[in-house]
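Chemist: Attaching a single structure in C-alpha cells format; questions to follow.
Throughout, read-outs are computed from the coordinates displayed, never taken from laboratory work. Keep in mind the model is a prediction, meaning the values are calculated, not measured. No Cβ is skipped: glycine too gets one built from the backbone with ideal geometry, and neighbour counts run over all protein chains shown.
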Amino acid sequence: MGLVVPPMVEQTALHSPAFQLCFSLAILSGVVAMRKEGEFINFGLTVSVVCLSLVWLDYMIGGAVLKIISLGLYIVYFCILFYKTTHLILSKDQISNQLLIAGIAGYMLLGYISAFALMLVQISYPQSFGISDDKFLQDLIYFAFVTLSTVGYGDITPETSVAKSVSVLIGVAGQMYLTLLVALLVGKYLQNPTLPSSDEKSD
C-alpha cells in the first residue's frame, strides 16, 4: 500500500491527515514487529515516539529544518527495522512463510530508506534531480525503487554529485540485498528442503 499509493496521488493528498495517520501506523507497526526483542524494544519505542511527534509537527508546522531532522530520524528508525529484519532472516535455519515475508519486508524497508535519503538530498541540495518541489515526494519514492531494482527508466536523473553518489549506493545496495537474500534462501532450502509443518510450528 505504501509502495503503490504515493506516486499515484496528488501532493495535497499526501499532506492530508489520512496519509499522516497511515504513515504513523506504519511506524507503530515497526514497534509491534520488535515486541519480542527484550531491551531493544525500549530503544525502538523511544525512537518511534519521536518519529510520530515529528510526523505531526512537520504536518502542522513544516519548514526545511524540521523536515531535514524528520527525514534523518526516519532513516535511523527504518535502518533499525531493516537490521532486525535481516537478523531474523540470518537467525532462522529453515525456510518458512515468516522468513519469506521478512525477505520481502527487508526489500521494502531498503526502498523507503533510499527514498528518505533522496528526499534529504533534494532538500539539502535543491534541484538535485531536476524535479519540481511540489511533487518531489511522489517522484523520489518512485525513483528510489526504480534505482534500487536497477530498472533505470531515465525519466528522473540525478544532476548533482551528491545525488549521483547516493543513487549509485542505492543501486549497489539493491543488487547486493537480492543476491545475498537469494543465496541465503537457497542455502537454507538445501539444508532443510521442506517447509515446517503445522505440527512442527506448534512445537
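Chemist: What are the extents of the Cα atoms of segment 60-187 along their three principal axes, in Å, largest first?
Modeler: Principal extents (Cα only, largest first): 47, 34, 20 Å.
Chemist: What is the magnitude of the charge dipole of segment 51-203 about its Cα centre, with +1 placed on the Cβ of each Lys and Arg, -1 on the Cβ of each Asp and Glu, and no other charges, expressed in debye to the nearest 20?
Modeler: Dipole magnitude for segment 51-203 comes out near 220 debye.
Chemist: Modelling each spin label as a point 7 Å along the Cα-to-Cβ direction, I'd like the Glu159/Gln175 distance in nm, to one decimal.
Modeler: 2.7
Chemist: Starting with the highest mean, order 158-170, 111-123 by the number of other Cβ atoms within 10 Å, averaged over the residues of each peptide.
Modeler: 111-123, 158-170
Chemist: Assuming 0.36 nm per residue, please report the length gained on full extension of the stretch Asp93 to Ile61 beyond their Cα-Cα distance.
Modeler: Between Asp93 and Ile61, full extension yields an extra 6.7 nm.
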